[in-house]
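Below: the structure, in structure tokens.
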Amino acid sequence: MSRATTPPRERRHLLGLEGMSREEILAILDAAECCRARLRAGGMPFDDLRGVTVLLAFFEDSTRTRVSFELAARHLGATVATLTTAGSSISKGESLFDTVQNIGAMGVDLVVVRHSASGAPAFLARQLDVGVINAGDGRHEHPTQGLLDLMTLRDAWKNRFAGRRLALVGDVAHSRVARSAIFGLTALGASVTVAGPATLIPAGLERLGCAVAPTVEEAMEGADAVMALRLQKERMDGGLLPSLGEFSKVWGLTVERVRLLARDAVVLHPGPMNRGVEVMPEVADGERSVILDQVENGVALRCAVLERCAEAARRAPPAPVAGAGLGAPGGTGAAHAKETV
Ligand code: CP
């Protein structure tokens with residue numbers, strides 16, 4: 001996979017970790033660590049994003065991502081608006097494009113978007129002259145989750161990724177978290193072994209640079225970390241699992257299985273967690289669990305991403321205006337061309 005530094009204008013977007021260079025990822029992690037130190041020291045709100053307007057456009061449910069983006073934006077002094085499907089004109093049939101274009105006309109600088117359609121954030125980035133941050137799109141990517149997972153692993157692994165290995169267990173097929181983790185970790189020189197029911201492991205996954213183990217025990221044996229993935233029932237057509245009980249018995253993270261890991265290995269879960277299904281409670285709350293560290297890191301990481309995108313958006317020259325319309329100040333370029341996602 002070719003990896004290149006993102007051109008400055010494109011840095012106002014964060015659409016995925018696929019193809020992102022090691023240097024860029026490490027720069028974001030370094031910035032996130034600075035943000036974490038500032039947040040821990042207190043004194044919010046800061047002035048970094050004073051005058052920047054951030055729209056949180058969540059067309060799928062979220063707890064961690066939405067709240068942490070909102071906290072991050074407010075900690076940095078941004079103006080924040082939130083849009084969800086319920087209570088907006090989307091419920092009357094307005095399209096994603098029309099909805100966000102109208103919001104763009106209100107002078108938004110950054111849009112943080114979660115959508116069930118893979119490619120929805122990339123679609124908006126092409127159509128609107130604002131920075132777009134992917135907060136999870138379908139089965140595609142969840143880049144800020146991937147980066148906060150890297151931040152958490154960097155702490156656990158004492159800043160060394162080379163030679164380390166993560167076991168990713170469960171519903172890989174429907175997991176945007178898994179894809180971002182694989183892209184991020186392989187860029188940094190770590191390796192990934194996935195394991196899960198055959199119906200939930202996509203064919204050709206090895207092409208992304210990871211290994212596939214036939215059992216959870218083989219994936220976890222000697223691994224430096226394990227991440228259980230949520231069963232994405234909302235994306236399953238049915239018939240993929242005999243029962244939750246059987247999944248839990250064969251693939252769940254138990255105390256016995258965690259003992260197979262390397263001595264200082266840690267346990268992650270992106271949330272929301274099905275306790276007793278993907279992870280047993282004594283593992284989720286056990287001494288190796290860094291699940292709440294992931295959540296704390298999520299706020300700092302999102303501060304760093306908002307700053308990076310806002311800075312690039314500030315420097316980006318306005319897109320050429322393609323005729324009159326509903327464009328944001330500076331124009332929306334080819335905003336009226338219709339595309340589907
Ligand atoms: N990890 C994650 O995306 O959680 P939420 O769905 O609660 O945002």
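The values are calculated or read from the model by the stated rules, or taken from the named source; none is laboratory data. Just so it is clear, the model here is predicted, and its values are computed rather than measured. Cβ placement follows ideal geometry from the backbone for every residue including glycine, while neighbour counts extend to all protein chains displayed. Just so you know, the surface numbers come from the protein's heavy atoms only, side chains and all, with ligands and any DNA or RNA stripped out. Shrake-Rupley method; radii C 1.70, N 1.55, O 1.52, S 1.80 Å.
Right, residue 178: crowded, with 24+ Cβ neighbours inside 10 Å, more than 16 Å from the ligand (Cβ to nearest atom) and assigned by TED's automatic domain parsing to the domain that holds residue 244 or not?
Working: crowded, with 24+ Cβ neighbours inside 10 Å: yes; more than 16 Å from the ligand (Cβ to nearest atom): no; assigned by TED's automatic domain parsing to the domain that holds residue 244: yes.
No; evaluated as a whole, the condition is false for this residue.
Number of residues in the range 260-289 that are within 12 Å of the ligand (Cβ to nearest atom) and buried (at least 24 other Cβ atoms within 10 Å of the Cβ): the value is 3. The residue list 30, 98 contains one member that is without any contact (Cβ under 8 Å) to a residue 12 or more places away in the chain, under 25 Å from residue 140 (Cα atoms) and open to solvent by 30 Å² or more (accessible area, probe 1.4 Å), which is 98.
Please report, ordered by residue number, the helices (runs of 4 or more DSSP H) entirely within the range 50-140 with at least 3 residues that are closer than 24 Å to residue 175 by Cβ and in contact with a strand residue (DSSP E or B) (Cβ under 8 Å, 6 or more places away or on another chain).
Numbers: elements: 64-75, 96-104, 120-127.
Counting at least 3 such residues, we get 64-75, 120-127.
Taking the criterion of being over 12 Å from residue 308 (Cα atoms) and outside any strand (DSSP E or B), the residues of the range 7-24 that qualify are 7, 15, 16, 17, 18, 19, 21, 22, 23. Residue 112 meets all of the listed conditions (1) open to solvent by 20 Å² or more (accessible area, probe 1.4 Å); (2) out of contact with any Ser or Thr (no Cβ under 7 Å at 6 or more places or on another chain) but one, namely (1). Each residue in the range 12-25 was checked for being out of contact with any helix residue (DSSP H, G or I) (no Cβ under 8 Å at 6 or more places or on another chain) and within 26 Å of residue 120 (Cα to Cα), and 1 of them qualify.
Screening 87, 104 for residues that are more than 20 Å from residue 299 (Cα to Cα) and exposed (fewer than 15 other Cβ atoms within 10 Å of the Cβ) leaves exactly one candidate, 87.
Among the residues of the range 290-319, those identified as within 16 Å of the ligand (Cβ to nearest atom), open to solvent by 10 Å² or more (accessible area, probe 1.4 Å) and over 21 Å from residue 160 (Cβ atoms) are 291, 292, 295, 296, 299. Only residues that are outside any helix (DSSP H, G or I) and either outside the structural domain of residue 132 (by TED's automatic domain parsing) or under 20 Å from residue 111 (Cβ atoms) (or both) were counted in the range 25-49, giving 2.
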